[in-house]
Amino acid sequence: MSEKVLALESTVIAHGLPKPLNVQIAQLLEEIAKEKGCEAKTVAIIAGNVKVGLTKEEIVQLGLRDDVMKVGVAEIPIAVVKKAWAATTVSATMRIASMHGIEIFATGGIGGVHDTKEWDVSQDLIELARTRMIVVCAGPKSVLNLRATVEMLETLQVTILGYKTDKLPAFFVRQTDIPVQRVDSVSEIAEIYLTKCRLNLSGSVLVLNPIPLDHEISDREFAEWEKVAKEELKRARIEGKMVTPFLLSKLAEVSNGKTVRSNIELLKNNVSLACEIVSELSQRESRSKC
Ligand code: PSU
Ligand code: MN
(Lines give C-alpha, C1' and ligand atoms only; values in the text may rest on other atoms or scores of the structure.)
(Ligands and ions follow the chains in the order given, each with its own letter.)
Protein backbone atom coordinates (compact mmCIF):
# COMPACT_ATOMS: atom_id res chain seq x y z
CA MET A 1 0.00 0.00 0.00
CA SER A 2 1.27 3.44 -0.88
CA GLU A 3 2.19 5.53 2.13
CA LYS A 4 0.36 8.54 0.82
CA VAL A 5 -3.23 7.52 1.35
CA LEU A 6 -6.27 9.60 2.18
CA ALA A 7 -9.90 8.67 2.71
CA LEU A 8 -12.99 10.06 0.99
CA GLU A 9 -16.58 9.71 2.18
CA SER A 10 -19.48 8.40 0.13
CA THR A 11 -22.53 10.18 1.54
CA VAL A 12 -21.67 13.27 -0.46
CA ILE A 13 -21.78 11.03 -3.57
CA ALA A 14 -24.97 9.11 -2.84
CA HIS A 15 -26.96 11.79 -1.00
CA GLY A 16 -25.19 15.11 -1.45
CA LEU A 17 -24.86 15.63 -5.20
CA PRO A 18 -27.36 15.11 -8.04
CA LYS A 19 -27.22 11.99 -10.22
CA PRO A 20 -25.46 11.19 -12.53
CA LEU A 21 -23.00 14.06 -11.95
CA ASN A 22 -22.20 12.53 -8.55
CA VAL A 23 -20.49 9.53 -10.18
CA GLN A 24 -18.25 11.76 -12.28
CA ILE A 25 -17.28 13.82 -9.27
CA ALA A 26 -16.46 10.77 -7.16
CA GLN A 27 -14.12 9.60 -9.92
CA LEU A 28 -12.68 13.06 -10.47
CA LEU A 29 -11.74 13.41 -6.80
CA GLU A 30 -9.78 10.16 -6.91
CA GLU A 31 -8.04 11.35 -10.09
CA ILE A 32 -7.09 14.69 -8.56
CA ALA A 33 -5.44 12.81 -5.70
CA LYS A 34 -3.54 10.62 -8.14
CA GLU A 35 -2.27 13.65 -10.03
CA LYS A 36 -1.01 15.02 -6.74
CA GLY A 37 0.87 11.81 -6.05
CA CYS A 38 -1.38 10.19 -3.49
CA GLU A 39 -4.07 7.57 -3.38
CA ALA A 40 -7.62 8.49 -2.39
CA LYS A 41 -9.73 5.62 -1.10
CA THR A 42 -13.48 6.06 -1.03
CA VAL A 43 -15.17 4.36 1.93
CA ALA A 44 -18.60 2.70 1.70
CA ILE A 45 -20.51 -0.47 2.55
CA ILE A 46 -21.06 -2.62 -0.52
CA ALA A 47 -23.76 -5.27 -0.11
CA GLY A 48 -22.91 -5.55 3.58
CA ASN A 49 -19.12 -5.47 3.14
CA VAL A 50 -17.19 -2.59 4.65
CA LYS A 51 -14.83 -1.32 1.96
CA VAL A 52 -11.94 1.12 1.88
CA GLY A 53 -11.30 1.84 -1.79
CA LEU A 54 -14.05 1.13 -4.32
CA THR A 55 -13.89 -0.19 -7.86
CA LYS A 56 -15.17 2.00 -10.70
CA GLU A 57 -18.28 -0.15 -10.96
CA GLU A 58 -18.98 0.14 -7.22
CA ILE A 59 -18.74 3.92 -7.45
CA VAL A 60 -21.19 3.94 -10.35
CA GLN A 61 -23.68 1.75 -8.50
CA LEU A 62 -23.33 3.67 -5.25
CA GLY A 63 -24.04 6.87 -7.11
CA LEU A 64 -26.98 5.61 -9.15
CA ARG A 65 -28.86 3.06 -7.02
CA ASP A 66 -31.84 4.36 -5.13
CA ASP A 67 -31.62 1.95 -2.19
CA VAL A 68 -28.41 3.31 -0.69
CA MET A 69 -28.58 3.85 3.07
CA LYS A 70 -26.87 6.75 4.79
CA VAL A 71 -24.88 5.48 7.75
CA GLY A 72 -23.10 7.12 10.62
CA VAL A 73 -21.05 5.01 13.05
CA ALA A 74 -24.18 3.83 14.85
CA GLU A 75 -25.70 2.35 11.72
CA ILE A 76 -22.63 0.50 10.39
CA PRO A 77 -23.63 -2.86 11.92
CA ILE A 78 -27.20 -2.53 10.63
CA ALA A 79 -25.99 -2.06 7.05
CA VAL A 80 -23.64 -5.04 7.43
CA VAL A 81 -26.31 -7.39 8.78
CA LYS A 82 -28.86 -6.31 6.21
CA LYS A 83 -26.24 -6.79 3.47
CA ALA A 84 -27.15 -3.30 2.36
CA TRP A 85 -25.47 -0.79 0.10
CA ALA A 86 -24.62 2.14 2.33
CA ALA A 87 -22.90 5.48 1.98
CA THR A 88 -20.76 6.47 4.93
CA THR A 89 -21.02 9.93 6.49
CA VAL A 90 -18.05 11.79 7.94
CA SER A 91 -18.37 9.88 11.22
CA ALA A 92 -18.56 6.39 9.70
CA THR A 93 -15.84 7.16 7.15
CA MET A 94 -13.49 8.38 9.86
CA ARG A 95 -14.02 5.33 12.04
CA ILE A 96 -13.54 2.85 9.18
CA ALA A 97 -10.58 4.68 7.64
CA SER A 98 -8.89 4.96 11.01
CA MET A 99 -9.30 1.22 11.61
CA HIS A 100 -7.40 0.79 8.33
CA GLY A 101 -4.53 3.00 9.48
CA ILE A 102 -5.48 6.04 7.39
CA GLU A 103 -4.71 9.36 9.05
CA ILE A 104 -6.20 11.90 6.65
CA PHE A 105 -9.65 12.40 5.30
CA ALA A 106 -10.98 15.00 2.87
CA THR A 107 -14.63 15.94 2.63
CA GLY A 108 -16.88 18.87 1.70
CA GLY A 109 -18.71 19.81 4.84
CA ILE A 110 -19.09 18.24 8.24
CA GLY A 111 -22.38 17.74 10.01
CA GLY A 112 -23.16 19.80 13.08
CA VAL A 113 -25.93 21.20 15.23
CA HIS A 114 -29.13 21.70 13.26
CA ASP A 115 -31.37 24.66 13.87
CA THR A 116 -34.45 22.56 14.46
CA LYS A 117 -36.28 22.42 17.78
CA GLU A 118 -35.19 18.83 18.31
CA TRP A 119 -31.72 17.93 19.46
CA ASP A 120 -30.40 17.12 16.00
CA VAL A 121 -26.62 16.98 16.50
CA SER A 122 -24.56 15.05 13.97
CA GLN A 123 -22.60 11.95 14.97
CA ASP A 124 -19.74 13.63 13.10
CA LEU A 125 -19.00 15.81 16.11
CA ILE A 126 -18.69 12.87 18.48
CA GLU A 127 -16.42 11.03 16.07
CA LEU A 128 -14.21 14.08 15.61
CA ALA A 129 -13.78 14.07 19.38
CA ARG A 130 -12.92 10.43 19.46
CA THR A 131 -10.76 9.54 16.47
CA ARG A 132 -7.34 11.04 15.90
CA MET A 133 -7.20 12.09 12.29
CA ILE A 134 -6.69 15.13 10.11
CA VAL A 135 -10.03 16.07 8.58
CA VAL A 136 -10.03 18.65 5.79
CA CYS A 137 -13.34 20.36 5.03
CA ALA A 138 -14.74 23.73 3.95
CA GLY A 139 -16.50 24.20 7.29
CA PRO A 140 -19.99 23.41 8.45
CA LYS A 141 -22.74 24.51 6.10
CA SER A 142 -24.66 27.61 7.08
CA VAL A 143 -27.89 25.57 7.05
CA LEU A 144 -26.57 24.51 10.46
CA ASN A 145 -26.39 26.58 13.60
CA LEU A 146 -22.76 27.64 13.12
CA ARG A 147 -22.12 29.10 16.56
CA ALA A 148 -23.62 26.09 18.30
CA THR A 149 -21.56 23.78 16.07
CA VAL A 150 -18.29 25.54 16.86
CA GLU A 151 -19.10 25.66 20.59
CA MET A 152 -19.89 21.97 20.56
CA LEU A 153 -16.64 21.13 18.75
CA GLU A 154 -14.75 23.09 21.36
CA THR A 155 -16.58 21.32 24.18
CA LEU A 156 -15.62 18.03 22.55
CA GLN A 157 -11.93 19.00 22.50
CA VAL A 158 -11.60 18.99 18.72
CA THR A 159 -8.59 21.01 17.48
CA ILE A 160 -9.98 23.52 14.97
CA LEU A 161 -7.63 25.23 12.49
CA GLY A 162 -8.52 27.85 9.91
CA TYR A 163 -6.25 27.42 6.89
CA LYS A 164 -5.04 30.92 5.99
CA THR A 165 -8.05 32.41 7.77
CA ASP A 166 -8.89 33.53 11.29
CA LYS A 167 -12.64 33.52 10.66
CA LEU A 168 -14.70 30.36 10.40
CA PRO A 169 -15.34 29.41 6.77
CA ALA A 170 -18.85 28.06 6.30
CA PHE A 171 -18.92 25.95 3.17
CA PHE A 172 -20.25 28.29 0.45
CA VAL A 173 -18.93 31.38 2.21
CA ARG A 174 -15.23 32.00 2.77
CA GLN A 175 -15.68 33.58 6.15
CA THR A 176 -18.15 34.28 8.92
CA ASP A 177 -17.66 36.49 11.96
CA ILE A 178 -16.81 33.51 14.17
CA PRO A 179 -13.12 33.50 15.18
CA VAL A 180 -10.93 30.42 14.70
CA GLN A 181 -7.22 29.75 15.21
CA ARG A 182 -5.32 30.51 12.01
CA VAL A 183 -2.51 28.46 10.48
CA ASP A 184 -0.67 29.45 7.33
CA SER A 185 1.17 26.37 6.18
CA VAL A 186 0.81 22.68 5.59
CA SER A 187 3.85 22.04 7.75
CA GLU A 188 2.19 23.80 10.69
CA ILE A 189 -0.87 21.56 10.28
CA ALA A 190 1.33 18.43 10.20
CA GLU A 191 3.26 19.64 13.25
CA ILE A 192 0.08 20.24 15.25
CA TYR A 193 -1.25 16.79 14.36
CA LEU A 194 2.04 15.08 15.23
CA THR A 195 2.13 16.96 18.52
CA LYS A 196 -1.36 15.75 19.25
CA CYS A 197 -0.07 12.20 18.65
CA ARG A 198 3.03 12.68 20.76
CA LEU A 199 1.03 14.00 23.69
CA ASN A 200 -1.43 11.16 23.25
CA LEU A 201 -4.37 13.54 22.91
CA SER A 202 -7.41 11.93 21.36
CA GLY A 203 -9.60 13.48 18.73
CA SER A 204 -9.12 15.11 15.37
CA VAL A 205 -7.46 18.10 13.87
CA LEU A 206 -10.22 19.74 11.86
CA VAL A 207 -8.75 21.83 9.05
CA LEU A 208 -11.14 24.45 7.70
CA ASN A 209 -10.21 25.29 4.11
CA PRO A 210 -12.22 28.21 2.66
CA ILE A 211 -13.95 27.69 -0.68
CA PRO A 212 -11.93 29.16 -3.60
CA LEU A 213 -12.76 32.85 -4.08
CA ASP A 214 -14.22 32.47 -7.58
CA HIS A 215 -16.80 30.00 -6.34
CA GLU A 216 -17.93 31.70 -3.18
CA ILE A 217 -21.65 32.40 -2.87
CA SER A 218 -22.54 35.73 -1.31
CA ASP A 219 -24.23 35.78 2.07
CA ARG A 220 -27.23 37.61 0.75
CA GLU A 221 -27.78 35.32 -2.19
CA PHE A 222 -27.39 32.22 -0.07
CA ALA A 223 -29.67 33.54 2.69
CA GLU A 224 -32.54 33.78 0.21
CA TRP A 225 -32.10 30.23 -1.08
CA GLU A 226 -31.65 28.93 2.43
CA LYS A 227 -34.89 30.53 3.55
CA VAL A 228 -36.82 28.83 0.76
CA ALA A 229 -35.13 25.47 1.42
CA LYS A 230 -35.87 25.62 5.14
CA GLU A 231 -39.51 26.56 4.57
CA GLU A 232 -39.87 23.57 2.28
CA LEU A 233 -38.18 21.38 4.87
CA LYS A 234 -40.77 22.42 7.43
CA ARG A 235 -43.60 21.86 5.00
CA ALA A 236 -42.33 18.42 4.01
CA ARG A 237 -41.95 17.46 7.70
CA ILE A 238 -38.57 15.85 7.01
CA GLU A 239 -36.63 14.83 10.09
CA GLY A 240 -33.38 13.15 11.11
CA LYS A 241 -31.03 11.70 8.52
CA MET A 242 -32.78 13.04 5.48
CA VAL A 243 -32.64 16.69 6.65
CA THR A 244 -29.22 17.42 5.12
CA PRO A 245 -29.86 15.63 1.78
CA PHE A 246 -33.25 17.37 1.50
CA LEU A 247 -31.79 20.81 2.13
CA LEU A 248 -28.94 20.19 -0.34
CA SER A 249 -31.25 19.17 -3.14
CA LYS A 250 -33.59 22.12 -2.52
CA LEU A 251 -30.65 24.51 -2.53
CA ALA A 252 -29.48 23.05 -5.84
CA GLU A 253 -32.96 23.57 -7.25
CA VAL A 254 -33.51 27.16 -6.13
CA SER A 255 -29.97 28.24 -7.02
CA ASN A 256 -30.18 26.75 -10.51
CA GLY A 257 -27.30 24.43 -9.84
CA LYS A 258 -24.98 27.12 -8.48
CA THR A 259 -24.65 25.45 -5.07
CA VAL A 260 -23.72 22.18 -6.78
CA ARG A 261 -20.96 23.82 -8.82
CA SER A 262 -19.55 25.48 -5.72
CA ASN A 263 -19.82 22.21 -3.79
CA ILE A 264 -17.71 20.47 -6.43
CA GLU A 265 -15.04 23.17 -6.43
CA LEU A 266 -14.63 23.10 -2.67
CA LEU A 267 -14.40 19.31 -2.70
CA LYS A 268 -11.60 19.46 -5.27
CA ASN A 269 -9.86 22.15 -3.24
CA ASN A 270 -10.04 20.03 -0.08
CA VAL A 271 -8.70 16.88 -1.75
CA SER A 272 -5.83 18.95 -3.07
CA LEU A 273 -4.94 20.36 0.35
CA ALA A 274 -5.29 16.94 1.99
CA CYS A 275 -2.78 15.56 -0.54
CA GLU A 276 -0.31 18.29 0.36
CA ILE A 277 -0.69 17.40 4.03
CA VAL A 278 -0.24 13.67 3.31
CA SER A 279 2.94 14.44 1.39
CA GLU A 280 4.21 16.61 4.23
CA LEU A 281 3.58 13.81 6.74
CA SER A 282 5.25 11.20 4.55
CA GLN A 283 8.38 13.34 4.35
CA ARG A 284 8.80 13.11 8.09
CA GLU A 285 9.92 9.54 7.74
CA SER A 286 11.43 9.11 11.15
CA ARG A 287 8.12 9.42 12.91
CA SER A 288 6.25 6.36 14.05
CA LYS A 289 2.58 6.16 13.05
CA CYS A 290 0.12 7.53 15.56
N1 PSU B 1 -22.62 18.55 4.51
C2 PSU B 1 -22.63 18.78 3.17
N3 PSU B 1 -22.81 17.73 2.31
C4 PSU B 1 -22.96 16.46 2.76
C5 PSU B 1 -22.91 16.24 4.17
C6 PSU B 1 -22.75 17.30 4.98
O7 PSU B 1 -22.52 19.91 2.75
O8 PSU B 1 -23.14 15.55 1.94
C9 PSU B 1 -23.02 14.83 4.66
C10 PSU B 1 -21.69 14.35 5.27
O11 PSU B 1 -21.51 12.99 4.91
C12 PSU B 1 -21.93 14.45 6.76
C13 PSU B 1 -23.41 14.14 6.86
O14 PSU B 1 -21.16 13.55 7.51
O15 PSU B 1 -23.98 14.79 5.73
C16 PSU B 1 -24.02 14.63 8.13
O17 PSU B 1 -25.30 14.13 8.22
P18 PSU B 1 -26.14 14.23 9.60
O19 PSU B 1 -26.39 15.70 9.77
O20 PSU B 1 -27.38 13.44 9.33
O21 PSU B 1 -25.26 13.67 10.64
MN1 MN C 1 -28.85 14.47 12.32
- [ ] Summarise the accessible area of segment 5-284 (1.4 Å probe, protein heavy atoms) by the percent that is carbon and sulfur.
- [x] 51
TODO: Beta carbons within 10 angstrom, averaged per residue: use that to sort the peptides 66-77, 142-153, highest first.
DONE: 142-153, 66-77
Open item on the list: Sorting check: for 234-247, 100-113, 51-64, which peptide has the highest mean count of neighbouring beta carbons within 10 Å, and how do the rest follow?
Closed with: 100-113, 51-64, 234-247
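What does the highest-first list of 177-184, 166-173 look like by mean Cβ count within 10 Å? All intermediate terms of the calculation are to be shown ahead of the outcome.
Numbers: 177-184: 14.0, 166-173: 22.9.
Ranking, from highest mean packing down: 166-173, 177-184.
Residue 74 to residue 279: extension gain in nm, 0.36 nm per residue of separation minus the Cα-Cα distance? Mind dumping the intermediate values first?
Values: separation 205, 0.36 × 205 = 73.80 nm, distance 3.21 nm.
Taking residue 74 through residue 279 to full extension adds about 70.6 nm, to one decimal.
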Task: Alpha-carbon radius of gyration plus Dmax, which is the widest Cα pair, for the chain in Å - done: 17.6, 57
TODO: Taking amide H positions as placed in the peptide plane 1.01 Å from N, state which residues far from residue 104 in sequence (5 or more) or on other chains have amide H under 5 Å from it.
DONE: 7, 134
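Would segment 190-255 count as rounded, prolate or oblate if I go by the C-alpha gyration tensor, calling it rounded below 1.5 in a/c and otherwise prolate when a/b exceeds b/c, oblate otherwise? It would help to have the intermediate numbers written out before the result.
Details: a/c = 4.51, a/b = 1.88, b/c = 2.40.
Oblate, since a/c reaches 1.5 and b/c is not below a/b.
Pulled fully out, how much extra length does the chain show between residue 81 and residue 253, if you take 0.36 nm times their separation in residues and subtract their Cα-Cα distance?
Details: separation 172, 0.36 × 172 = 61.92 nm, distance 3.55 nm.
Result: 58.4 nm gained on full extension.
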Open item on the list: If you count only protein heavy atoms with a 1.4 Å probe, what accessible area per residue comes out for the chain, rounded to a whole Å²?
Closed with: 46
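Around residue 177, what is the net charge, scoring Lys/Arg as +1 and Asp/Glu as -1 over all other residues with Cβ under 13 Å from its Cβ? Mind showing how you got there, number by number?
Values: positive: 147, 167, 174; negative: 166, 219.
Around residue 177, the surrounding residues sum to +1.
Once you order the gyration tensor axes a ≥ b ≥ c over the Cα atoms, which shape class does segment 138-186 get: rounded for a/c under 1.5, otherwise prolate or oblate by comparing a/b with b/c?
On the way: a/c = 2.01, a/b = 1.15, b/c = 1.75.
Oblate, because a/c is 1.5 or more while a/b does not exceed b/c.
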Task: For segment 1-70: lysine pairs under 12 Å (alpha-carbon distance), excluding those fewer than 8 apart on one chain - done: 5
Open item on the list: Quick query: amide H of residue 47 versus all other amide H atoms, modeled in the peptide plane; which residues come in under 5 Å with a sequence gap of 5 or more or a different chain?
Closed with: 85, 86
- [ ] Please work out whether segment 174-290 counts as rounded, prolate or oblate from its C-alpha gyration tensor, where a ≥ b ≥ c are the square roots of the eigenvalues and a/c under 1.5 means rounded, while otherwise a/b larger than b/c means prolate and anything else oblate?
- [x] prolate
- [ ] Would you list, by chain and number, the lysines whose Cα falls below 19 Å from the Cα of residue 117, excluding same-chain residues fewer than 8 positions away?
- [x] 141, 227, 230, 234, 241
Task: Value of D in µm² per second that Stokes-Einstein yields for segment 25-182, Kirkwood Rh from Cα pairs, at 37 °C (0.692 mPa s) - done: 198
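The values are calculated or read from the model by the stated rules, or taken from the named source; none is laboratory data. Bear in mind the structure is a predicted one, so any value in this text is a computation, not a measurement. Positions of Cβ are generated from backbone atoms using ideal geometry, with glycine treated the same way; all protein chains shown enter the neighbour counts. Keep in mind that these areas ignore ligands, DNA and RNA; they rest on the heavy atoms of the full protein, side chains included. Shrake-Rupley method; radii C 1.70, N 1.55, O 1.52, S 1.80 Å.
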